[in-house]
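Chemist: Quick one: the structure is below, questions incoming.
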Amino acid sequence: MRKNSRRPQDLVPLSPPVFHILLAIGNGRLHGYAIMQEIEQRTNGTVSVLPGTLYSSIGRMLEDGLISETSDRPTPSVDDHRRRYYRVTKFGKAVARAESERMALLLHVAEDKDLFTGLTAERSR
């Protein structure tokens, strides 16, 4: 299948590192180390992506068109010129949405089977 004829649903389910990377970058741009920090921070340290996994995932994500390298950088005084910054592409956002919808459906099934109490119940504890 040609890369530009794929549908977002063709790439799901995503591996956990790829989904975490897409969530970490979100609507902004981050370099590799900042992506690792964002993932750890957002998950309260329960998930960490090691450099080997991060950069091999980034390589595949670039090939798949989920992310792109960007030349949009912070001011030179707060940036290291060796860093590479990444942003989520339009296709990457569509894939992240498809994965989110897939996971939401699974959570609804788990709730129906009394295997998950729901996010609102979890947050109120």
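Chemist: Just to verify a result, which residue in the range 84-111, among those that are in contact with a strand residue (DSSP E or B) (Cβ under 6 Å, 6 or more places away or on another chain) and modelled with pLDDT of 95 or more, is most open to solvent (accessible area, probe 1.4 Å)?
Modeler: Filtering first and then ranking leaves Arg87.
Chemist: Among the residues of the range 58-80, which ones are out of contact with any helix residue (DSSP H, G or I) (no Cβ under 9 Å at 6 or more places or on another chain) and under 17 Å from Ala94 (Cα atoms)?
Modeler: Scanning the range 58-80 gives a single hit, Leu62.
Yes/no matrix, rows are residues, columns are (1) in a helix (DSSP H, G or I); (2) open to solvent by 30 Å² or more (accessible area, probe 1.4 Å); (3) charged (D, E, K, R):
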site: Leu14; (1), (2), (3): no, no, no
site: Val18; (1), (2), (3): yes, no, no
site: Ala24; (1), (2), (3): yes, no, no
site: Tyr33; (1), (2), (3): yes, yes, no
site: Thr53; (1), (2), (3): yes, yes, no
site: Met61; (1), (2), (3): yes, no, no
site: Asp72; (1), (2), (3): no, yes, yes
site: His81; (1), (2), (3): no, yes, no
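The values are calculated or read from the model by the stated rules, or taken from the named source; none is laboratory data. This structure is a prediction, so every number in the text was calculated from the model and none was measured. Virtual Cβ from ideal backbone geometry, glycine too; neighbours counted across all protein chains shown. Accessible surface is based on the protein model in full, side chains and every heavy atom, while ligands, DNA and RNA are left aside. Shrake-Rupley method; radii C 1.70, N 1.55, O 1.52, S 1.80 Å.
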